[in-house]
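Working notes, beginning with the structure itself.
The values are calculated or read from the model by the stated rules, or taken from the named source; none is laboratory data. Every value quoted in this text rests on a predicted model; they were computed, and no experiment measured them. Neighbour counts run over all protein chains shown; Cβ positions are idealised from the backbone, glycine included.
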Protein chains: 2
Amino acid sequence: MGAVNKLGEFALIDWMRKSCFCSSGVTKGIGDDTAVLPFSTKEDMLSTTDMSVEGTHFTKGTPPELIGRKALARNLSDIAAMGGTPTYAVISLGLPKTTTTAYVQKIYRGINKLAKQFNVSIVGGDTVKSDKLVINIALLGKVAKGKAVLRSGAKPGDQIFVTGPLGGSFKSGRHLTFTPRLKEAQILMKKFHPAAMIDISDGLAGDLGHILEESKVGAVLDATKIPLHRNVDLKAGLYDGEDFELLFTVRPNDAEKLKQFYRIGAIVKDKNKLYLCGKNDQVILLKTKGFTHF
Amino acid sequence: MGAVNKLGEFALIDWMRKSCFCSSGVTKGIGDDTAVLPFSTKEDMLSTTDMSVEGTHFTKGTPPELIGRKALARNLSDIAAMGGTPTYAVISLGLPKTTTTAYVQKIYRGINKLAKQFNVSIVGGDTVKSDKLVINIALLGKVAKGKAVLRSGAKPGDQIFVTGPLGGSFKSGRHLTFTPRLKEAQILMKKFHPAAMIDISDGLAGDLGHILEESKVGAVLDATKIPLHRNVDLKAGLYDGEDFELLFTVRPNDAEKLKQFYRIGAIVKDKNKLYLCGKNDQVILLKTKGFTHF
């Protein structure tokens with residue numbers, strides 16, 4: 001057996017999905033942005049967790065407020081990607097022995113400010129000793145019963161959209177300061193209800209790849225329509241991680257009404273194939289493997 | 001401001017409790033074994049999270065099945081301490097680059113075996129790169145509405161019990177193999193409903209200290225009645241961490257019927273005072289500061 005970085009994170013997640021114990025009451029388990037769990041006659045519950053580690057997701061020099069902020073923002077983005085509203089969070093902190101109380105309080109200020117903004121209650125946590133700083137947030141949310149937007153709902157003919165420009169998130173520092181697209185998700189849910197949705201954490205190509213795999217379809221992207229941040233090239237727009245915009249598909253009729261977002265392509269039948277159509281009408285086949293965390 | 005290990009973990013938790021954003025709908029937030037959240041007309045939801053870090057909670061040599069097992073068992077113990085039943089878990093893994101897939105699968109086997117035993121569905125997770133192995137499990141549970149057993153319910157006259165012998169958990173390796181006391185919690189809930197309850201993770205004196213503080217009472221322990229594991233002295237029984245037995249109080253009338261557990265003392269009025277009554281009827285005042293994680 002090889003190392004995780006060779007076998008690949010996604011192959012490992014596939015294994016977990018098949019082997020983990022899961023009772024029949026679970027609506028959606030491992031394999032989407034969040035789990036979907038039974039709650040009441042009117043609502044489903046959403047559950048997600050994200051770990052951020054010093055040296056991987058932030059550095060020693062990252063302002064502690066932003067470390068805390070990002071840890072919660074990543075989770076909020078997952079809830080947005082299901083079309084949900086966040087509710088409760090629990091926070092685990094692994095702290096080096098020499099961490100000052102003031103530093104920990106700054107991490108919490110970053111979390112709290114965002115929690116207040118999106119009405120998320122911080123209801124518990126765990127604080128342990130660790131050589132490097134680690135922060136894990138587990139977040140719950142809610143969504144109208146049966147209305148959670150899965151990765152598996154895309155159909156040929158659907159139009160593909162993103163909520164904002166892409167690329168250069170790490171270089172620019174945007175990965176620390178982005179606003180999770182909860183408001184945009186609510187606009188979509190009220191008016192159009194997306195067919196499939198995901199947040200862009202692994203890169204546009206990689207995350208679209210997840211939709212293609214779960215929906216058993218393919219896609220054609222229009223290179224001229226992909227919105228890019230300033231000083232970002234197409235390759236970065238396709239493959240950079242942690243943009244945290246929403247990537248979604250809607251039925252063709254709905255697409256006409258969606259002027260406030262960026263239409264970048266369409267879903268086609270060819271399973272797991274991702275085509276890019278360029279300026280000169282040349283069509284190339286893209287790799288769907290995006291940003292990997294190993 | 002001092003380092004966390006000087007100020008103390010518990011002072012920091014107090015600060016979090018006061019400063020964290022929490023909406024009015026939350027029944028019990030930070031400061032008990034789990035949060036208590038509104039769920040349905042018949043049930044409350046319980047939410048808890050625990051982080052385990054290489055070098056703190058286990059070593060490089062710890063069998064991976066036991067690392068996974070313990071990570072879930074600690075959480076299950078928190079749900080037991082509220083009188084609840086576990087339901088859903090999400091798992092975050094921080095993995096060194098060189099971790100083999102076989103090693104990760106062994107961690108998951110340890111988790112899965114225990115999950116199946118207690119009917120906990122594994123519904124999601126996160127896998128990230130980390131210098132040292134880190135595992136975080138966030139667990140949900142349920143309890144009959146208004147019936148969660150808090151640390152704050154003890155009253156003078158209550159009798160104090162533990163579910164099993166104490167001490168030497170680290171030395172013996174029991175901290176890796178203990179059975180979370182979910183069955184015992186259900187026996188208690190059906191027949192007696194404890195007044196206050198906690199699981200012993202910080203040591204008997206430390207965790208009884210948490211009950212005393214939350215309940216604004218004191219306690220007298222009978223040194224001759226504290227059940228100890230073989231080759232464990234009284235000091236270890238009082239202060240060793242991670243026994244994961246349940247420590248609870250019941251009203252005097254109920255105490256007579258509780259033959260299967262160990263009665264070790266009584267609750268008294270003196271706020272935050274913990275007395276130990278020895279063999280020769282000498283009474284000493286104990287420190288309630290138990291095992292700390294820093």
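Here are a few things to note about the model shown:
- All positions within the range A:92-114 that are within 7 Å of another protein chain (Cβ to nearest Cβ) and hydrophobic (A, V, I, L, M, F, W, C): A:Leu95, A:Ala102, A:Val104
- Odd one out for B:Tyr88 among (1) more than 9 Å from chain A (Cβ to nearest Cβ); (2) within 23 Å of B:Ile135 (Cβ to Cβ); (3) surrounded by 22 or more Cβ atoms within 10 Å (Cβ to Cβ): (1)
- Restricting attention to the range A:258-288, the residues being in contact with a strand residue (DSSP E or B) (Cβ under 9 Å, 6 or more places away or on another chain), under 24 Å from A:Ala185 (Cβ atoms) and surrounded by fewer than 18 Cβ atoms within 10 Å (Cβ to Cβ) number 2.
- Check on B:Gly203, crowded, with 23+ Cβ neighbours inside 10 Å and closer than 28 Å to B:Met51 by Cα: yes
- Flag for A:Leu247 being assigned by TED's automatic domain parsing to the domain that holds A:Val268, surrounded by 18 or more Cβ atoms within 10 Å (Cβ to Cβ), not aromatic (Phe, Trp, Tyr) and not in a strand (DSSP E or B): no
- Test result for A:Ala266, among the small types (Gly, Ala, Ser) and at pLDDT 95 or above: yes
- Per-region count, the range B:90-113, residues of a type in the set (Val, Ile, Thr) and part of a helix (DSSP H, G or I): 4
- Answer residue from the range A:223-244, given it is among the small types (Gly, Ala, Ser) and within 30 Å of B:Val128 (Cα to Cα) and is surrounded by the most Cβ atoms within 10 Å (Cβ to Cβ) among those: A:Gly237
- B:Arg230 of a type outside the set (Gly, Ala, Ser) and touching a residue at least 60 places away in the same chain (Cβ under 8 Å): no
- Members of the range B:35-73 found to be free of Cβ contacts under 8 Å to residues at least 40 places away in the same chain and assigned to a strand (DSSP E or B), listed by number: B:Ala35, B:Leu37, B:Pro38
- Residue match in the range B:137-145 (condition: touching a helix residue (DSSP H, G or I) at 6+ places or on another chain (Cβ under 7 Å) and either charged (D, E, K, R) or at pLDDT below 95 (or both)): no
- Lone unmet requirement of (1) assigned to a strand (DSSP E or B); (2) charged (D, E, K, R); (3) out of contact with any Lys or Arg (no Cβ under 9 Å at 6 or more places or on another chain) for B:Arg263: (3)
- When B:Thr87, B:Thr49, B:Thr59 are checked against the criterion of being more than 16 Å from A:Thr49 (Cβ to Cβ) and of a type in the set (S, T, N, Q), a single residue qualifies: B:Thr59.
- Count of residues meeting criterion [more than 23 Å from the chain's Cα centre (by Cα), over 11 Å from B:Thr49 (Cβ atoms) and of a type in the set (D, E, K, R)] in the range A:112-141: 3
- Here A:Arg109, A:Arg151 are screened, and the one residue that is basic (Lys, Arg), surrounded by fewer than 21 Cβ atoms within 10 Å (Cβ to Cβ) and touching a helix residue (DSSP H, G or I) at 6+ places or on another chain (Cβ under 9 Å) is A:Arg109.
- Number of residues in the range B:27-45 that are facing chain A (nearest Cβ under 7 Å) and crowded, with 24+ Cβ neighbours inside 10 Å equals 2.
- A:Gly8 buried (at least 17 other Cβ atoms within 10 Å of the Cβ) and outside the structural domain of A:Lys190 (by TED's automatic domain parsing): no
- Qualifying residue in the range A:15-26 (condition: more than 8 Å from chain B (Cβ to nearest Cβ) and either in contact (Cβ under 8 Å) with a residue 24 or more places away in the chain or over 30 Å from B:Thr101 (Cβ atoms) (or both)): no
- Annotation: B:Leu76 fulfils all but one of (1) part of a loop (DSSP other than H, G, I, E, B); (2) closer than 18 Å to B:Asp207 by Cβ; the unmet one is (1).
- Complete set of residues in the range A:154-187 that are under 18 Å from A:Val120 (Cβ atoms), in contact with a helix residue (DSSP H, G or I) (Cβ under 6 Å, 6 or more places away or on another chain) and not hydrophobic (A, V, I, L, M, F, W, C): A:Pro180, A:Arg181
- Against the numbered list (1) of a type in the set (Ser, Thr, Tyr); (2) under 19 Å from A:Ala138 (Cβ atoms); (3) more than 7 Å from chain B (Cβ to nearest Cβ), A:Thr48 comes up short only at (3).
- Verdict on B:Gly83 being at pLDDT 95 or above, closer than 13 Å to A:Glu9 by Cα and outside any helix (DSSP H, G or I): no
- Sole exception among (1) crowded, with 24+ Cβ neighbours inside 10 Å; (2) farther than 27 Å from A:Ile111 by Cα; (3) of a type in the set (S, T, N, Q) for B:Thr62, by number: (1)
- Matching option when the condition is more than 24 Å from B:Val143 (Cβ to Cβ), of a type outside the set (Ser, Thr, Tyr) and more than 9 Å from chain A (Cβ to nearest Cβ), among B:Glu54, B:Glu65: B:Glu65
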